[in-house]
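One structure is given below, encoded as structure tokens.
The values are calculated or read from the model by the stated rules, or taken from the named source; none is laboratory data. Worth saying up front: this structure is predicted, and the values here are computed from it rather than measured. Cβ coordinates were reconstructed from backbone atoms using ideal geometry, including for glycine residues, and neighbour counts include every protein chain displayed.
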């Protein structure tokens, strides 16, 4: 694990992936635009209404970059270093109505089914455990999102309850994983 202060700040590295903190770059915005307009993201997460690069830049500022500035958490751009291809986003976010940070992720169609979400998820959870010392992490999934349900199972999450977040028009399955016992 390494951190860097350069423009393309490396957050975490795995055997096949590099996770970069968002900087508001054109590359970050292009990935945000692609993720937020992916039909699977719209079906299972939400339609954010982000349809152009300007809106994607604003979404970056209000989402991943704001999370990072306020509490050190946030979504990272996931890169496959062998090809320098941006394949998705993953990280920890805080959400109104949730008592703990939430593992959020979205991978582009060409990167699905290759174990990237599980590999990146393990890296984020290891960081949450070892560096951030978080006691637990939550994860929210639409009930019909079988791929994400399988990822959470592989990562060791357990089902807690059904929940509905403010501003979200559908019920979600809430999972959790204990990283440290609270004292």
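Within the option set 95, 46, 112, being modelled with pLDDT under 95, touching a strand residue (DSSP E or B) at 6+ places or on another chain (Cβ under 9 Å) and under 24 Å from residue 152 (Cβ atoms) holds for one residue only, 95.
If you go through the range 122-142 and keep only what is at pLDDT 95 or above and closer than 22 Å to residue 37 by Cα, you end up with 139, 140, 141.
Of the residues examined, residue 128 is not one that is out of contact with any helix residue (DSSP H, G or I) (no Cβ under 9 Å at 6 or more places or on another chain), in contact (Cβ under 8 Å) with a residue 60 or more places away in the chain, part of a helix (DSSP H, G or I) and within 22 Å of residue 15 (Cα to Cα). Return yes or no: is residue 2 touching a strand residue (DSSP E or B) at 6+ places or on another chain (Cβ under 7 Å), at pLDDT below 95 and closer than 27 Å to residue 133 by Cα? Yes.
Taking the range 131-163 as the search range and keeping residues that are assigned to a loop (DSSP other than H, G, I, E, B) and in contact (Cβ under 8 Å) with a residue 60 or more places away in the chain, which one is nearest to residue 71 (Cα to Cα)? Among them, the one singled out is 132. Among all residues of the range 58-74, there is at least one that is part of a strand (DSSP E or B), touching a strand residue (DSSP E or B) at 6+ places or on another chain (Cβ under 7 Å) and surrounded by 13 or more Cβ atoms within 10 Å (Cβ to Cβ).
Within the range 21-37, being touching a strand residue (DSSP E or B) at 6+ places or on another chain (Cβ under 7 Å) and either closer than 18 Å to residue 109 by Cβ or surrounded by 19 or more Cβ atoms within 10 Å (Cβ to Cβ) (or both) holds for 21, 22, 28, 31, 35.
Specify which of the listed residues (130, 164) is surrounded by fewer than 16 Cβ atoms within 10 Å (Cβ to Cβ), in contact with a strand residue (DSSP E or B) (Cβ under 9 Å, 6 or more places away or on another chain) and over 12 Å from residue 104 (Cα atoms).
164
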